[in-house]
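> Pasting in a structure now, in structure tokens, and then I'll have a few things to ask.
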Amino acid sequence: MRPTSFAGVALFASGAFAQYYQRLGGCPSLGCVFPPDQADFLPGQRFDIRLEVHSPVNGSEARTGAPDANFKFTIGRKGHEGVDVTEFFDIEEPELERWSFSWYEDLFAEDAETPSLVDVTSKAYRRVALYEPGEYEAILTYYGEEQTVANWLVRDVPKKRRAKNVVLFVGDGMTTNMITAARLIAHKSINGKYQSKMQLDKFPVLGHQMTHSMDSFITDSANSATALYGGHKTTVNALGVYVDSSEDPFDDPKFELLPEIFRRQHPNAGIGIVSTAFLADATPGALAAHTSDRGEYDHVIGAFLEGLTDHEWTKWGGPDVLFGAGAENFLASEDAPRDYYQLFTDKGYTLSLNKTALDAVTNEERALGLFSISNLPTWLDRNVYQSNLKDQENHPDGSGRDAEDLPGLKDMTVKAIDILDTRRREEGWFLMAEAASIDKQMHTLDYDRSLGELLELDDTVRATIQRLEELGVLEDTLVIVTADHGHGFDVTGAVDTDYLAKQEDDRDKRRAIGVYANSGLSQYTVAGPNALRYSEGVHFPARWDPRYALHAGTVAFPDHRENYKVHKEGPRTPAEEGGDGTYYASYKDAVTGFLLNGTLATDADQGVHSLTDVPVFAQGPCQELFGGVYNSNDIFFYIAECLGLAETKGGDHDHGDGHCDPKY
Ligand SMILES: *[C@@H]1O[C@H](CO)[C@@H](O)[C@H](O)[C@H]1NC(C)=O
Ligand SMILES: *[C@@H]1O[C@H](CO)[C@@H](O)[C@H](O)[C@H]1NC(C)=O
Ligand SMILES: *[C@@H]1O[C@H](CO)[C@@H](O)[C@H](O)[C@H]1NC(C)=O
Ligand SMILES: [Zn+2]
């Protein structure tokens, strides 16, 4: 989801930076360098450079004259004289590009519909790389004496490979608070002591990652996934690129992503992608796509199929395994006429459209599996309130039937490991598995469904470790479980849902909330009418509808009603459009509940991401790298280090595609 705005104070003097809206993220001055100041690179990582010079025609920064067409760009080791970029990389001078764009400086300008207009000159240098670790200075000189300096760091990453395989679990939107709540509803406790623990609780190493994006302190899943897989923090909605100011969503400066580097160096390395989201969504998509607009779904699926056509290094050949949902982006449609089922099958992929077929599919071939038209139904609907699977018309064959034979994250992940191990035991493999609906259900304030997804992730991690052990590869496999950002969720007590339902007045209903001593103990682990359906060796709640329910909430939400009861009839829709383009509490969402006035703008129909650091659990080779507090993009560098992907000149890896021949 695109984060909704926060209140900000915008101060505009010429050259002052904007907060709420920005002329161009990462470029507070009129000369822009991408990769920007503070960018980090893996030695040998391919990337593009985009330079822009802005001439604001009007607005607070207005200047007279055209944008500079003769800007200079030099690169050098820090402390040394820089040389022209063309000499530094031994590349041709590209053509000068020109365009204009407009933007709003603040909400007053937006209300008045007076955008500021900016003329731009630009150049892009494609597919370069830096091999020698150290600090570099990239300097754009424009309008005579003006300079924008970008300090770049090529990290000194050890080259020795320490792990054969990497499994990266992404609990989308998952925070420590959610893990604590999931533990409370699924694990029995006696006198304050848990009798069992979550799989996550058993990891030897725990760290915290700071999820801030390059140009905003709240990230979305595109931006954050790009940091995890590409080592560069970028802008909201961007996949595998920095965002330039041009309109074209495909000309932005790219950087090489983990699967691309891994396959370029090890053509027989395996790549697996699993998600409970539609596969064109940001967290899976960021492993392959390069676009400033995560909504370019056809581009994302095309990138899975064949890589991109304009960059040699993006032709990494596609994943061995692609399991998830979102058949709508694979089926031919008016907007996207390609039949991807056919195209993937033509490339040798097996195709599974239900769990039975998934279980039966050979481990020898590449595999595509799609199990629903859009996102996969949640764990709670698949396992507890199964009548919600009816009348969904979500069969991945596009026939309009219901998809009823559905796998979960665990089924898809364990099968993916079997395939990767069978096909790629020699050179090793990388698997990303995403529990997407922790986030999606948090957005719609459906905390029960979100925690169900989190417990499914925990169960999947447990099953993964067990499978790796059975295959004899656990010792060689780095397992990481983390998130891409959080939501402001927590639990503050328990609610007597019976008492709440019986009160007439909204203010009286709130007396049902018990805090501190009155929060009592978790009733979710106590057998009731729905009990024990999911207790065979795994830890899920014994019941989801106790009288004393969690008093749970988030810090940012639309108008909605709350009765704190599990939504047995299907996922929540807390707010509905009121005919005036804004959102109001849905009465039928929580008939017995009370009204909470929203804390977000009235055009928000759901909750948003939050600032919190998110946890990182690690075990296996290189586990020690993941302790402590670090940036989201450090995770890319730690995985790359563990897989030995750093590439210095004359080093272990042949980087020869003819174009990357830098001075260093
Ligand atoms: C800038 O110029 C454009 C095009 O003439 C116009 O539409 C816009 O309202 C102007 N903006 C301001 C802030 O004056
Ligand atoms: C699952 O898919 C297989 C292979 O396409 C098909 O033969 C089978 O009928 C499907 N089963 C269900 C329950 O839809
Ligand atoms: C919600 O806001 C409305 C005004 O928009 C106000 O009349 C009402 O009292 C508020 N209710 C609560 C529960 O705060
Ligand atoms: Zn989200």
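> Within the set of other residues whose C-beta is less than 14 Å from the C-beta of residue 180, count the net charge using Lys and Arg as +1 and Asp and Glu as -1. All intermediate terms of the calculation are to be shown ahead of the outcome.
Numbers: positive: 183, 197; negative: 201, 458, 490.
Net local charge, residue 180 excluded: -1.
> Okay, next question. Compute the distance in nm between two label points, each set 7 Å from the Cα along the Cα-to-Cβ direction, one at residue 100 and one at residue 217.
3.6
> Pick out, from 324, 108, 47, the residue whose Cα sits farthest towards the positive end of the charge dipole of the chain, with +1 on the Cβ of Lys and Arg and -1 on the Cβ of Asp and Glu.
324
> Using the heavy atoms of the protein chains and a 1.4 angstrom probe, tell me the accessible area per residue for the chain in square angstrom.
Per residue, the chain has 39 Å² of solvent-accessible surface.
> I'd like the FRET efficiency for residue 393 and residue 189, computed as 1/(1 + (r/R0)^6) with the beta carbon distance as r and R0 of 41 Å, rounded to 0.05.
E between residue 393 and residue 189, to the nearest 0.05, is 0.45.
> Let me ask another. Would you calculate a helix-derived [θ] at 222 nm for the chain, using -39,500 (n - 2.57) for each DSSP H run of n ≥ 4 and dividing by the full residue count, to the nearest 500?
Taking each H run of at least 4 residues, the total per residue is -5500 deg cm²/dmol.
> Taking all protein chains in place and a 1.4 Å probe, what share, in percent, of the accessible surface of the range 31-156 do carbon and sulfur account for? Intermediate values should be presented prior to the final figure.
On the way: 2500 of 5550 Å².
Solvent-exposed carbon and sulfur of the range 31-156 make up 45 percent of the total.
> Okay, moving on. Tally Lys/Arg at +1 and Asp/Glu at -1 over every other residue whose Cβ is under 12 Å from the Cβ of residue 225; what's the total?
Here the charged neighbours net out to -4.
> Moving to a separate point now. What is the packing order of peptides 269-276, 62-69, taking the mean over residues of other C-beta atoms within 10 Å and listing the highest first?
Ranking the peptides 269-276, 62-69 by packing returns 269-276, 62-69.
> Right, next: Only loop residues by DSSP count here, and only those with at most 13 other Cβ atoms within 10 Å; note down the trypsin sites (Lys or Arg not before Pro) in the range 295-401 that meet that.
Taking the range 295-401 and a limit of 13 other Cβ atoms within 10 Å, the loop trypsin sites (Lys or Arg not before Pro) found are 347, 390, 401.
> So, one more: So what's the net charge close to residue 451: Lys and Arg +1, Asp and Glu -1, counting the other residues with Cβ under 11 Å from its Cβ?
Local charge sum for residue 451: -3.
> If you stretched the chain out fully between residue 132 and residue 83, how much longer would it get, using 0.36 nm times the residue separation minus the C-alpha to C-alpha distance?
16.0 nm
> So between residue 112 and residue 592, what do we pick up on full extension, going 0.36 nm a residue minus the alpha carbon distance?
168.6 nm
> Follow-up question, since we're still on this one. Filter the GluC sites (Glu not before Pro) in the range 86-142 to those in DSSP coil with at most 16 other Cβ atoms within 10 Å of their Cβ, and list the result.
Those satisfying the criteria are 92, 95, 113.
> Using a Cα-Cα cut-off of under 19 Å, which lysines could be cross-linked to residue 254, ignoring same-chain neighbours fewer than 8 residues away?
Residue 254 reaches 123, 233, 315.
> Follow-up. Suppose each label sits 7 Å from its Cα in the direction of the beta carbon; what would the residue 503-residue 160 distance come out to in nanometres?
6.4
> How big is the gap, in Å, between the Cα center of the range 25-96 and the Cα center of the range 366-431?
Here the two parts' Cα centres lie 44 Å apart.
> If you don't mind, another one. Cut-off under 16 Å on the C-alpha distance; same-chain residues fewer than 8 positions from residue 193 excluded. Which lysines are left, in chain and number order?
Of all the lysines, those that pass the test against residue 193 - Cα under 16 Å, at least 8 places apart if same chain - are 202.
> Got a sec? Charge dipole of the chain, +1 on Cβ for Lys and Arg, -1 for Asp and Glu; which of 454, 385, 541 is way out at the positive end?
It is 541.
The values are calculated or read from the model by the stated rules, or taken from the named source; none is laboratory data. Keep in mind that this is a model prediction, so the values were computed, not measured. Reconstructed Cβ throughout: ideal geometry from the backbone, glycine too, with neighbour counts over all protein chains shown. To get the accessible areas, we keep the full protein, side chains included, count just its heavy atoms, and leave off ligands, DNA and RNA. Shrake-Rupley method; radii C 1.70, N 1.55, O 1.52, S 1.80 Å.
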